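Quick notes on the structure that follows.
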Ligand SMILES: N[C@@H](CCC(=O)N[C@@H](CS)C(=O)NCC(=O)O)C(=O)O
């Protein structure tokens, strides 16, 4: 299999962490690329020119980090990153969906600031930052986090918080939510998180 990624993408980081957590590194060639440059090799596979993009051994091209992680979970053995069904899967989808949205809002705010200054929409950045702040408060009060578990929801949260540290260091989430910061510090010690750190 091939996994196209770039080193700072929080979405690609989710997929890279999942490969490592599943013990599939030996079956995956990691291909570093710049999706913004629309490289021919990537575009030929994925017309969206986005990372992560997974090419399976059967030639299936899978886009979207959550879809890729579901495929990895089907291909590899333990540990499972998603429960197969029932209330546990529902609970995981609640967590992973919100954390994906947290990444989206954080990412959109960064991309908006890359436009020429005259074309930037400050209210749009403020809206995304408000969504980030509200989501962090919601996660801190409603998620049950455990260092013993590292499923898709936890991978998404760890990559979201890592992206905030990397791209939004002015946000004082660590001071506001020390229990979440402690959880993240533990997650950051995992070999999969160390190997994929953007720093
Ligand atoms: N929803 C997608 C988002 C993927 C995404 O937007 N990746 C960015 C890099 S962080 C990208 O490749 N952008 C290139 C572009 O939009 O042209 C996922 O979860 O995989």
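With respect to being outside the structural domain of residue 163 (by TED's automatic domain parsing), away from the ligand (no atom under 14 Å from the Cβ) and in a loop (DSSP other than H, G, I, E, B), residue 8 falls outside the description. Annotation note: of 145, 171, 102, the sole residue that is over 23 Å from residue 7 (Cα atoms) and outside the structural domain of residue 68 (by TED's automatic domain parsing) is 145. For residue 194, state whether it is within 15 Å of residue 12 (Cα to Cα), modelled with pLDDT of 95 or more and loosely packed, with under 13 Cβ neighbours inside 10 Å. Yes; evaluated as a whole, the condition is true for this residue.
Any residue that is more than 11 Å from the ligand (Cβ to nearest atom), assigned to a loop (DSSP other than H, G, I, E, B), touching a residue at least 12 places away in the same chain (Cβ under 8 Å) and not assigned by TED's automatic domain parsing to the domain that holds residue 156 - is there at least one of those in segment 49-68? Yes, segment 49-68 contains at least one residue that is more than 11 Å from the ligand (Cβ to nearest atom), assigned to a loop (DSSP other than H, G, I, E, B), touching a residue at least 12 places away in the same chain (Cβ under 8 Å) and not assigned by TED's automatic domain parsing to the domain that holds residue 156. Among the conditions (1) under 26 Å from residue 28 (Cα atoms); (2) surrounded by 15 or more Cβ atoms within 10 Å (Cβ to Cβ), residue 80 misses just one, which is (2).
Across segment 16-48, the number of residues qualifying as in a loop (DSSP other than H, G, I, E, B) and touching a helix residue (DSSP H, G or I) at 6+ places or on another chain (Cβ under 7 Å) comes to 4.
Just so you know, in segment 77-124 the residues that are in a loop (DSSP other than H, G, I, E, B) and within 16 Å of the ligand (Cβ to nearest atom) include one that is nearest to residue 18 (Cα to Cα), and it is 81.
In this structure, does residue 38 turn out to be at pLDDT 95 or above and at positive phi? Against the criterion (at pLDDT 95 or above and at positive phi), residue 38 qualifies.
Note on segment 140-157: residues that are within 20 Å of residue 176 (Cα to Cα) and surrounded by fewer than 21 Cβ atoms within 10 Å (Cβ to Cβ) total 8.
The values are calculated or read from the model by the stated rules, or taken from the named source; none is laboratory data. Note that this is a predicted model, so its numbers are computed, not measured. Positions of Cβ are generated from backbone atoms using ideal geometry, with glycine treated the same way; all protein chains shown enter the neighbour counts.
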